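See structure below.
The values are calculated or read from the model by the stated rules, or taken from the named source; none is laboratory data. The model shown is predicted, which means the values in this text are computed figures rather than measured ones. Note that we place each Cβ from the backbone using ideal geometry, even for glycine, and neighbour counts take in every protein chain shown.
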Amino acid sequence: MRHAWKRNILCCGIFIVMLIIFLHPDMNARRSYEYIEKNDILSNLFEKTAENFTSPAVLHCEYHNLLFDDTTLSISLVDGDLVEGHKIKEGGEYSPSECKPRFSTAIIVPYRNRAEQLRGFLVYMHTFLHHQCIHYRIYVVEQLDSRMFNRAKLLNIGALAAMRSGYPCLILHDVDLLPLRPGNLYACTKQPRHMSSSINKFRYVLPYLNVFGGAVAIASNQYKAVNGMSNEYFGWGGEDDDFYARLEAKGLKMSRFEPETSRYHMVSHKSQHKGSGRQKLKVAKERMASDGLNSLTYTEIATVLHPLFTHIMVDL
């Protein structure tokens with residue numbers, strides 16, 4: 001009887017240990033999706049710079065060492081200031097002077113009523129991106145009216161502005177997400193890329209396989225091919241899944257980097273109002289031809305070139 005009792009305790013202990021190992025976030029994250037191996041990233045990148053962009057540098061920038069950089073940036077950067085001589089042009093545009101970048105990226109941020117969070121985001125992102133040797137510009141698209149927040153429509157507006165300026169790569173980026181690993185290159189891959197697959201809020205585990213939100217990279221021509229995002233999702237929820245359905249409809253396969261490289265810190269904030277748009281998901285693919293960039297309507301209040309970003313203010 002005593003031996004049976006000890007055996008039961010031992011079995012329970014082994015079960016608990018195995019459960020902890022199985023549920024460990026890193027274990028789940030590594031097993032939950034396919035990703036581009038580090039050695040294959042360079043060959044999968046979409047190498048193109050913006051129209052009319054020129055660099056005085058002679059040598060091309062190299063990215064191999066960056067992609068294998070396993071350091072982690074400190075979140076405390078959001079509380080600091082940019083270093084002197086950061087060389088950011090008016091409108092939040094930057095390119096390295098020591099080498100010729102191979103990539104031009106427009107980072108588009110939908111925004112409303114988070115001034116302190118936006119300030120920290122801009123300081124952190126410019127610091128982060130300076131190490132990446134890319135040409136980039138940050139667009140902040142602000143919704144001024146009192147309607148429920150429409151993230152996807154703001155992203156469409158920013159995408160159109162970036163494409164008019166000739167940017168071949170778009171990164172659609174929430175203001176509360178901060179990339180932690182320098183190796184998470186802010187450039188497009190040949191297939192649309194979900195960048196924020198490992199977020200601290202979700203214990204660095206992918207919530208579900210087809211999630212395509214938070215921070216995503218997509219080539220401008222691919223964004224046009226799917227007619228951008230739906231304009232019909234007011235309030236939180238649904239627009240990302242609708243966007244993924246559009247990729248599927250056009251035969252675009254989503255890509256990712258490995259979980260360790262794709263780590264993000266989500267800054268805490270108040271919960272947003274949930275929308276009622278999830279019913280639209282049932283007909284997302286059918287609507288994509290008539291709902292998106294080609295049906296986008298809004299009133300532009302002003303566009304201001306600030307020292308750290310291009311500020312597009314709109315009513316929807």
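Summary table
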| quantity | calculated |
| --- | --- |
| Residue within the range 173-182 that is out of contact with any Lys or Arg (no Cβ under 7 Å at 6 or more places or on another chain) and free of Cβ contacts under 8 Å to residues at least 60 places away in the same chain present | no |
| The one condition in (1) at pLDDT 95 or above; (2) under 20 Å from residue 88 (Cα atoms) that residue 144 fails to fulfil | (2) |
| From 197, 165, residue being surrounded by fewer than 20 Cβ atoms within 10 Å (Cβ to Cβ) and in contact (Cβ under 8 Å) with a residue 40 or more places away in the chain | 165 |
| Where residue 66 falls short, out of the listed (1) out of contact with any strand residue (DSSP E or B) (no Cβ under 9 Å at 6 or more places or on another chain); (2) aliphatic (A, V, I, L, M); (3) part of a loop (DSSP other than H, G, I, E, B); (4) surrounded by 15 or more Cβ atoms within 10 Å (Cβ to Cβ) | (3) |
| Test for residue 49: is it farther than 28 Å from residue 207 by Cα, of a type in the set (Val, Ile, Thr), at pLDDT 70 or above and under 26 Å from the mean Cα position of the chain (by Cα) | yes |
| Among the candidates 122, 82, 77, residue that is assigned to a helix (DSSP H, G or I), closer than 28 Å to residue 158 by Cα and modelled with pLDDT under 95 | 77 |
| Members of the range 125-157 that are out of contact with any Asp or Glu (no Cβ under 9 Å at 6 or more places or on another chain) and either part of a strand (DSSP E or B) or under 30 Å from residue 62 (Cβ atoms) (or both) | 125, 126, 127, 128, 129, 130, 132, 134, 139, 140, 141, 142 |
| Test set (1) among the hydrophobic types (A, V, I, L, M, F, W, C); (2) at pLDDT 95 or above; (3) not assigned by TED's automatic domain parsing to the domain that holds residue 153 - residue 99 fails condition number | (3) |
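One line per residue, one yes/no per condition, for (1) out of contact with any Phe, Trp or Tyr (no Cβ under 9 Å at 6 or more places or on another chain); (2) in a loop (DSSP other than H, G, I, E, B); (3) at pLDDT 90 or above:
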site	(1), (2), (3)
26	no, no, no
33	yes, yes, no
55	yes, yes, yes
58	yes, yes, yes
